[in-house]
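Chemist: What follows is a single structure, and I will ask about it in a moment.
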Amino acid sequence: MIEFHRVTKTYKGIRALDEVSFTVPPGTVTGFLGPNGAGKSTAMRVLAGLCRPTSGSATVLGRPYAELERPGYDVGTLLDAGAAHPGRSGREVLTLGAMMLGLPGSRVDEVLELVGLTGKEGRRAVGGYSLGMRQRLGIGHALLGRPRALVLDEPANGLDPQGIQWMRELLRGLAASGCAVLLSSHLLYEVEQVADRIVLIGGGRVLAQGTLAELGRGRSLEQTFLELTSHADRSPA
Ligand SMILES: Nc1ncnc2c1ncn2[C@@H]1O[C@H](COP(=O)(O)OP(=O)(O)OP(=O)(O)O)[C@@H](O)[C@H]1O
């Protein structure tokens, strides 16, 4: 379970998040949507312990990230596909991640297979990877510890149609095994295919949340998105 409880985050003069509350239940994929600058990445960074909320709490399995005893096994995150060192190979990036979690080398092979970076691709330097390959590596890194919650910031960017289909099946499979998946994306059609629930934010506030059917009431997700976000202004910090 992922839970945001009245999370506010202000930067100098900017209220990036304003009393944001929602949950991502286990066994679901929750699509996290909002226009550019809505606050999605900030919320995910707060959840992953990369920045502190000004007030409120964001928790995984009932605890803030910093208080998790085995964070790599509790929550996997992909927040920036460009974060891996460009001089390391994909296999080296995953090997370092596995070592930090105390996982055997066989888990690296499993994950390389899972994300389709086997053989030569796994041995290439990440600096030479396409965006789609970096996303696959980032998803693999997030999955190393078979976490019970997964936080993915725009993982479909750069994936080709096969890659998008692969990711859709992967996320549905993870949710079926009980994982709580929070997925941000601007690809509304894709979110419609994979998500059980939607949280829509704009101007740092939750504008709507619920199942696709509850939000849409017969409209497409795109129509709902455009209608609800057209007047979302940010309140002053
Ligand atoms: N480190 C920072 N310092 C100051 N302002 C920031 C910082 N990070 C984010 N912001 C501001 O917080 C607001 C929310 O940004 P955020 O990146 O969370 O939005 P987003 O929904 O992820 O956008 P996008 O869809 O464009 O990725 C924006 O106004 C942004 O400029």
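The values are calculated or read from the model by the stated rules, or taken from the named source; none is laboratory data. Treat the numbers as computed from the prediction; the structure is a model and nothing was measured. Cβ sites come from the backbone with ideal geometry, for glycine too, and all protein chains shown count toward neighbours.
Chemist: For region 37-66, which residues satisfy the criterion of being more than 16 Å from the ligand (Cβ to nearest atom), under 16 Å from ALA180 (Cα atoms), part of a strand (DSSP E or B) and touching a residue at least 24 places away in the same chain (Cβ under 8 Å)?
Modeler: Result: THR59, VAL60.
Chemist: Right, next: In region 156-170, what residues are charged (D, E, K, R), in a helix (DSSP H, G or I) and more than 15 Å from the chain's Cα centre (by Cα)?
Modeler: Within region 156-170, GLU169 is the sole residue that qualifies.
Chemist: Looking only at region 67-82, filter to residues that are surrounded by fewer than 17 Cβ atoms within 10 Å (Cβ to Cβ) and within 15 Å of the ligand (Cβ to nearest atom); which one of those is modelled with the highest pLDDT?
Modeler: Within region 67-82, the match that is modelled with the highest pLDDT is ASP80.
Chemist: Additional query: Among the residues that make up region 78-89, is at least one of them in a helix (DSSP H, G or I) and either touching a residue at least 12 places away in the same chain (Cβ under 8 Å) or out of contact with any helix residue (DSSP H, G or I) (no Cβ under 7 Å at 6 or more places or on another chain) (or both)?
Modeler: no
Chemist: Restricting the search to region 177-225, which residues are away from the ligand (no atom under 16 Å from the Cβ) and charged (D, E, K, R)?
Modeler: GLU192, ASP196, ARG197, GLU214, ARG217, ARG219
Chemist: Consider VAL108 carefully, then state whether it is at pLDDT 95 or above, touching a Ser or Thr at 6+ places or on another chain (Cβ under 9 Å) and in a helix (DSSP H, G or I). Quick ask: steps written out before the conclusion?
Modeler: Values: at pLDDT 95 or above: yes; touching a Ser or Thr at 6+ places or on another chain (Cβ under 9 Å): yes; in a helix (DSSP H, G or I): yes.
Yes.
Chemist: Only one of (1) touching a helix residue (DSSP H, G or I) at 6+ places or on another chain (Cβ under 8 Å); (2) at negative phi is not met by GLY27, so which one is it?
Modeler: With (1) touching a helix residue (DSSP H, G or I) at 6+ places or on another chain (Cβ under 8 Å); (2) at negative phi applied to GLY27, the lone miss is (2).
Chemist: Please find, within region 26-42, the residue that is surrounded by the fewest Cβ atoms within 10 Å (Cβ to Cβ) out of those that are closer than 21 Å to GLY210 by Cβ and out of contact with any Lys or Arg (no Cβ under 8 Å at 6 or more places or on another chain).
Modeler: Going through the qualifying residues, I end up with GLY27.
Chemist: Still on this model: All but one of (1) more than 28 Å from VAL126 (Cβ to Cβ); (2) basic (Lys, Arg); (3) surrounded by 19 or more Cβ atoms within 10 Å (Cβ to Cβ); (4) more than 10 Å from the ligand (Cβ to nearest atom) hold for ARG91; which doesn't?
Modeler: It fails just one condition, (1).
Chemist: Of these, GLY116, GLY145, which one is in contact (Cβ under 8 Å) with a residue 40 or more places away in the chain, within 15 Å of TRP166 (Cβ to Cβ), not in a helix (DSSP H, G or I) and not hydrophobic (A, V, I, L, M, F, W, C)?
Modeler: GLY116
Chemist: Here is a further query. With the requirement that a residue be assigned to a strand (DSSP E or B) and either crowded, with 16+ Cβ neighbours inside 10 Å or in contact (Cβ under 8 Å) with a residue 60 or more places away in the chain (or both), what does region 4-19 give you?
Modeler: PHE4, VAL7, THR8, LYS9, THR10, TYR11, ILE14, ARG15, ALA16, LEU17, ASP18, GLU19
Chemist: Let me ask something else about it. Of all residues in region 11-27 being hydrophobic (A, V, I, L, M, F, W, C) and more than 14 Å from the ligand (Cβ to nearest atom), which is nearest to ARG172 (Cα to Cα)? Step through it out loud before you land on a result.
Modeler: As a first pass, look at region 11-27 and keep what is hydrophobic (A, V, I, L, M, F, W, C): 14, 16-17, 20, 22, 24.
Of the ones still in play, those that are also more than 14 Å from the ligand (Cβ to nearest atom) are 22, 24.
Numbers: PHE22: 21, VAL24: 14 Å.
The extreme case among them is VAL24.
Chemist: Tell me yes or no: at least one residue of region 192-211 is in contact (Cβ under 8 Å) with a residue 12 or more places away in the chain, closer than 30 Å to LEU94 by Cα and buried (at least 20 other Cβ atoms within 10 Å of the Cβ).
Modeler: yes
Chemist: Of the residues that make up region 28-36, is at least one within 8 Å of the ligand (Cβ to nearest atom) and outside any loop (DSSP other than H, G, I, E, B)?
Modeler: Within region 28-36 (the criterion being within 8 Å of the ligand (Cβ to nearest atom) and outside any loop (DSSP other than H, G, I, E, B)), the answer is no, since none of the residues qualifies.
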